1. What are the residues in segment 24-75 that are part of a loop (DSSP other than H, G, I, E, B), basic (Lys, Arg) and either in contact with a Cys (Cβ under 8 Å, 6 or more places away or on another chain) or under 21 Å from Ala149 (Cα atoms) (or both), if any?
2. Hey, any hits in segment 33-48 for a residue that's over 23 Å from the mean Cα position of the chain (by Cα), surrounded by 13 or more Cβ atoms within 10 Å (Cβ to Cβ) and on the phi < 0 side of the Ramachandran plot?
3. With the requirement that a residue be farther than 15 Å from Ile77 by Cα and either of a type in the set (Asp, Glu) or in contact (Cβ under 8 Å) with a residue 12 or more places away in the chain (or both), what does segment 39-62 give you?
4. Being open to solvent by less than 20 Å² (accessible area, probe 1.4 Å), assigned to a loop (DSSP other than H, G, I, E, B) and small (Gly, Ala, Ser): is that true of Ala167 here?
5. If we scan segment 30-39, do we find a residue that is in contact with a His (Cβ under 9 Å, 6 or more places away or on another chain), at pLDDT below 95 and farther than 24 Å from Arg86 by Cα?
6. Would you check which residues across segment 85-98 are modelled with pLDDT of 95 or more and either open to solvent by less than 40 Å² (accessible area, probe 1.4 Å) or in a helix (DSSP H, G or I) (or both) and list them?
7. Please find, within segment 16-30, the residue that is least open to solvent (accessible area, probe 1.4 Å) out of those that are touching a residue at least 24 places away in the same chain (Cβ under 8 Å) and closer than 24 Å to Pro107 by Cβ.
8. What is the number of the single condition among (1) part of a loop (DSSP other than H, G, I, E, B); (2) of a type in the set (A, V, I, L, M, F, W, C); (3) open to solvent by 60 Å² or more (accessible area, probe 1.4 Å) that Ala241 does not meet?
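The values are calculated or read from the model by the stated rules, or taken from the named source; none is laboratory data. Keep in mind that what you see is a predicted model, and the values were worked out from it rather than measured. Methodologically, a virtual Cβ is constructed for each residue, glycine included, from the backbone with ideal geometry; neighbour enumeration extends over all protein chains shown. For accessibility, only protein heavy atoms count, side chains too; no ligands or nucleic acids. Shrake-Rupley method; radii C 1.70, N 1.55, O 1.52, S 1.80 Å.
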Amino acid sequence: MAVAQILVTLDGTVHDPDVPFLHADDLAALRGDGVFETLLIRSGRTRKVGAHLDRLERSAAMMELPAPDRAQWRGAIEVVEKQWSRANPDAEAWLRLVYSRGRENAPDAGPTAYLMAGPVADRVAAARSDGVSVVTLDRGFSTDLADRAPWQLLGAKTLSYATNMAALRYAAANGFDDVIYLSSEGSVLEGPRSTVVTVTGTTLTTPPSEAGILPGTTQRAVFETAASEGWTTRTDALGRADLIAADSVWLISSVALAARVTSLNRYIMPVSPNHHDFVDLVDRAICVDRE
C-alpha cells in the first residue's frame, strides 16, 4: 500500500507521521536553530548520500552543533529508503534530514534528529519538463558579507528559511515560478532552493560559494561528471547580462534536478541546442558514486 510520508528517528525507529512528534520548545520550531538536507530517492536508491552528509557536517560545524554521527545517519537513511521503496516502488521521493539544537527547556536532552520522506511534488515534474519563469530579487547583502560577518551563517543550510519562502511567495504573487537572488552589487547568487548554472556551448559556469551561497551538492556532481566527459566547467562571478547572454540558464537542486529558466524578468530565454545533453548529464551525475 502506498504511503504519503515516512518519519524515522536516528536510531532507526519508524514513527507514525500523523502523531505529534516535536516538543513545543524544540528550537527547530521556536527559532529555526538547526540544519537540514534534502535528498532524492530514485529507483529505490537515495542519491548522493555522502555529499549531503558532508554538507550536513559543514552546516552543523558553522552552527556549533555536535558533529553528526555519519554511521547513524546512513543507517537511518537506509531504513527510510527501504520503507519508501516497499510502499512506493515506482515513485520518487524527497528525503529530508533534520538536525536541531534540541529543546530550549531541556538542553541536557541533546540535539533533535529525524528524517522524513514524501512524494516529489507535482511542481517538480512541471519544472523539469516545462522549465520555470524567474524573477531576480535583491538578497540585500554584498558578496563579501560571508567573510565580514560569519555569524550570518551564509553557506550553511539552516532551518531558518522564512525569507526564502517569502521570496517564493512574492514571486508567485507576481506571476513567476522561482527566484534568482542578486547581491547588492548585482552579482548572481543562487535561488531560494537551487544553484544557478549557465550553459554556453559546452561550458558550464556557476557563481563562487565565496559570495555567500550554499555550495550545491548536485551542481558539484554535475561539474565533476561534465569535466570527465569533456565539458568545460567554471566557477566565476555572473551578472544579469551573463544570464541573458548564455545559451541557457538552469536552476539545479537535489530533488528538482535541472529546471531550465524559460523567462528572466519576463524576457523569454532561448532554448539551447544542448538542452537535452545537459538534462542527460544531470541525470547521469546523480547516479555516480564518488562518495
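1. Residue satisfying the conditions is Arg47 alone.
2. Narrowing segment 33-48 to residues over 23 Å from the mean Cα position of the chain (by Cα): none.
No, segment 33-48 contains no residue that is over 23 Å from the mean Cα position of the chain (by Cα), surrounded by 13 or more Cβ atoms within 10 Å (Cβ to Cβ) and on the phi < 0 side of the Ramachandran plot.
3. Those that are farther than 15 Å from Ile77 by Cα and either of a type in the set (Asp, Glu) or in contact (Cβ under 8 Å) with a residue 12 or more places away in the chain (or both): Arg55, Glu57, Arg58, Ser59, Ala60, Met62.
4. On the way: open to solvent by less than 20 Å² (accessible area, probe 1.4 Å): yes; assigned to a loop (DSSP other than H, G, I, E, B): no; small (Gly, Ala, Ser): yes.
So Ala167 does not fit the description; no.
5. First pass over segment 30-39, keeping only residues in contact with a His (Cβ under 9 Å, 6 or more places away or on another chain): 37-39.
Still in the running and at pLDDT below 95: none.
Within segment 30-39 (the criterion being in contact with a His (Cβ under 9 Å, 6 or more places away or on another chain), at pLDDT below 95 and farther than 24 Å from Arg86 by Cα), the answer is no, since none of the residues qualifies.
6. The answer is Ala93, Leu95, Leu97, Val98.
7. Of segment 16-30, the ones touching a residue at least 24 places away in the same chain (Cβ under 8 Å) are 17, 21-23, 25-28, 30.
Then drop every residue that is not closer than 24 Å to Pro107 by Cβ, which leaves 21-23, 25-28, 30.
Working: Phe21: 71, Leu22: 68, His23: 102, Asp25: 18, Asp26: 3, Leu27: 20, Ala28: 21, Leu30: 87 Å².
The selected residue is Asp26.
8. That leaves (1) as the condition not met.
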